[in-house]
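Here's the structure, in structure tokens; my notes come after.
The values are calculated or read from the model by the stated rules, or taken from the named source; none is laboratory data. All figures in this text were calculated on a predicted structure; none of them were measured in a lab. Cβ placement follows ideal geometry from the backbone for every residue including glycine, while neighbour counts extend to all protein chains displayed.
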Amino acid sequence: MSFSEQVYQELAAVVGERNISREEYVLAGNRAKTPEIPFAHPSPEAIVLPGSTEEVAEIVRICNRCGIKYVAVVTGCIPSAYATGEDTIIIHLKRMNRIVEINDKDRYALIEPGVRHVQLYPEVRKRGLSYAAAAVGPGGSPLVTYSCTGGDNHVQYGTSRPSRYLLGVELVTPEGEILRTGSLQTDSGWFCPESPGPSLRGVVRGYSGNSGKVGIVTKCAIALDMCKGPAEIRREGITPHHKMIMDSDCSRVYVFNYENIQDVCDAIIALGENEIGATVQKYFYLPLTLMMTNSANEFWEKWDTYKEVMSMPLVVHLAAHSVREREYEEKILFDIINETHGTRIPREYEQWWEDHMDYFMIVSRLQSVLRLGGSWLPIKTGAESVQHMCDVGESIGEFIHDFTNTGKIFNAPENYQIIPMEYGHFASIELLFMWDRFDPDGFKNMAEFCAASRESDLKKHYHASPIMGYGKRAEKQGVLYSNCHIWAQLIYEAYNPYIGQ
């Protein structure tokens, strides 16, 4: 049965007439089409807004019975979060936006999909707690980050990725069954992702996330860390002309510049061995320049200067428990910087970092990177040892110039970031490149560059591009990851009998 009036009424009976729509102006607002995407997304048949796990499960059962496809959405910030064919509905989870519990004693937060970072983070920080917030902005969904997608973040040096912090999960399987994992399955609470009960964190989440391919996550608990910083961060001014003020003598931000990536690698490893600093990262210099300027014209005026001063910036944020501890860490920090040939950047540039250090590590100004009217894409978002990631970064120069010299992408060869995790036990990389989204060949150029990047990884056996599910691309990359795409295919087929239908 295709989507019909009968199906619409069945769905309306589940969520209520106010929480379902097929009005054209509503559907139009849920079709992704930006200039760099060469195809138009079809319109969904309806938008459904469930308010509970039970309603989600019933919607899934109706879709299965009637042959209707569905896409579960929270923020809709990626092209795959939209309809891709006929007879498809969007299950929008924004009504499920409750912070169910913040447990100070066992240090976890229980949340629904529609909860945003701007809701959750201030609440946990008031309690002297914190969590690893991915650099997606205040409107991002913590549940999605922790249970369904990547999760690299700017503060993972002193903590880790969200994949390490996911606890109990409640999800609706593709068959409409409600599944609870770990200690939750035996009514023991949300505190543990492993036994007693089925340990499915690797299946539900894995490393890079499977975007909900094994089910719709309707609740999850995430582990919380102790927070070293102040309970509240003051802000002065109005975005983007604002300052974030940390009222603490225990917090300091330092930025150093390097001439080559191996010295950066040595510095990161040494800092981790001494376990100093709360945040350490080699940052991208192109987004940094865009965030530090107030217009496209100002960007072009300062680009040559900024990329020279901060061609390979290493950002270090110290967040100690006492002034004495901070002073101790500073002594070690400057010894390491001197030994690895780093140079502290001029104070006028470093001050900008201090003024914009929010809990997402300056992400409050991240929207500025789109100012040039171009489109951007992060690739090489894998993780391995610090040295391995630095080798990957150095290899980018071997193929990128074929694209930058011809104007196919923006000329910024070192525009990649490396963020160590867990005091340098391993690290992530992200190459961010930009292209002209109004260029008729822009999408083609982007695809060619991505292909060249993957070929470089395969040739050099680099673990730079994470496996995303299964399919032709995963088959090609799977040889670098113990053929894990084969197991991913088997898992998806076991969880979702409707694959391929």
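Could you please let me know if Ile238 is surrounded by fewer than 22 Cβ atoms within 10 Å (Cβ to Cβ), more than 24 Å from Ala427 (Cα to Cα) and touching a Leu at 6+ places or on another chain (Cβ under 8 Å)? In short, no. Can you work out which of the residues in region 138-166 that are more than 25 Å from Glu58 (Cα to Cα) and aliphatic (A, V, I, L, M) is nearest to the chain's Cα centre (by Cα)? The residue in question is Val155. Only one of the listed residues (Glu24, Glu101, Glu58) is in contact with a strand residue (DSSP E or B) (Cβ under 8 Å, 6 or more places away or on another chain) and either on the phi > 0 side of the Ramachandran plot or of a type in the set (D, E, K, R) (or both). That residue is Glu101.
Are any of the residues in region 91-105 more than 30 Å from Cys192 (Cβ to Cβ) and either crowded, with 16+ Cβ neighbours inside 10 Å or not polar (S, T, N, Q) (or both)? Lay out the reasoning, then the answer.
Keep residues of region 91-105 that are more than 30 Å from Cys192 (Cβ to Cβ), which gives 92.
Pick out the ones that are also either crowded, with 16+ Cβ neighbours inside 10 Å or not polar (S, T, N, Q) (or both) and you get 92.
Yes - at least one qualifying residue is present in region 91-105.
I'd like to check which strands (runs of 3 or more DSSP E) are fully inside region 372-446 and have at least 3 residues that are in contact with a Lys or Arg (Cβ under 7 Å, 6 or more places away or on another chain) and in contact (Cβ under 8 Å) with a residue 12 or more places away in the chain.
Details: elements: 374-379, 416-421, 426-436.
By residue number, 416-421, 426-436.
Within region 434-456, the set of residues being of a type outside the set (Phe, Trp, Tyr), crowded, with 19+ Cβ neighbours inside 10 Å and under 20 Å from Lys476 (Cα atoms) comprises Met446, Ser453, Ser456. Being surrounded by fewer than 21 Cβ atoms within 10 Å (Cβ to Cβ) and farther than 25 Å from Leu129 by Cβ is the filter here, so list the residues in region 313-327 that pass it. The one that is surrounded by fewer than 21 Cβ atoms within 10 Å (Cβ to Cβ) and farther than 25 Å from Leu129 by Cβ: Glu327. Looking across region 371-398, the residues that are farther than 16 Å from Ser453 by Cβ, in contact with a strand residue (DSSP E or B) (Cβ under 8 Å, 6 or more places away or on another chain) and not aliphatic (A, V, I, L, M) come down to Gly373, Gly374, Ser375, Ser385, Cys390.
Against the condition more than 18 Å from the chain's Cα centre (by Cα) and not assigned by TED's automatic domain parsing to the domain that holds Val15, how does Val124 come out, does it pass?
Working: more than 18 Å from the chain's Cα centre (by Cα): yes; not assigned by TED's automatic domain parsing to the domain that holds Val15: yes.
Here the answer is yes, as Val124 does meet what is asked.
Kindly evaluate Ile429 against the criterion of being among the hydrophobic types (A, V, I, L, M, F, W, C) and either at pLDDT 85 or above or under 22 Å from the mean Cα position of the chain (by Cα) (or both). Walk me through how you get there before you give the answer.
On the way: among the hydrophobic types (A, V, I, L, M, F, W, C): yes; either at pLDDT 85 or above or under 22 Å from the mean Cα position of the chain (by Cα) (or both): yes.
Yes; evaluated as a whole, the condition is true for this residue.
Of all residues in region 234-289, how many are acidic (Asp, Glu) and free of Cβ contacts under 8 Å to residues at least 40 places away in the same chain? Break it down stepwise before answering.
Of all residues in region 234-289, those acidic (Asp, Glu) come to 236, 247, 249, 259, 263, 266, 273, 275.
This time we only want the ones that are free of Cβ contacts under 8 Å to residues at least 40 places away in the same chain, so: 236, 247.
Residues in region 234-289 being acidic (Asp, Glu) and free of Cβ contacts under 8 Å to residues at least 40 places away in the same chain: 2 in total.
The condition of being buried (at least 20 other Cβ atoms within 10 Å of the Cβ) and among the hydroxyl-bearing types (Ser, Thr, Tyr) holds for Tyr70.
Counting only residues that are small (Gly, Ala, Ser) and under 21 Å from the mean Cα position of the chain (by Cα), give me the strands (runs of 3 or more DSSP E) lying completely in region 195-297 with at least 2 of them. Step through it out loud before you land on a result.
Details: elements: 216-223, 234-238, 241-245, 251-257, 279-282.
Hits in region 195-297: 216-223.
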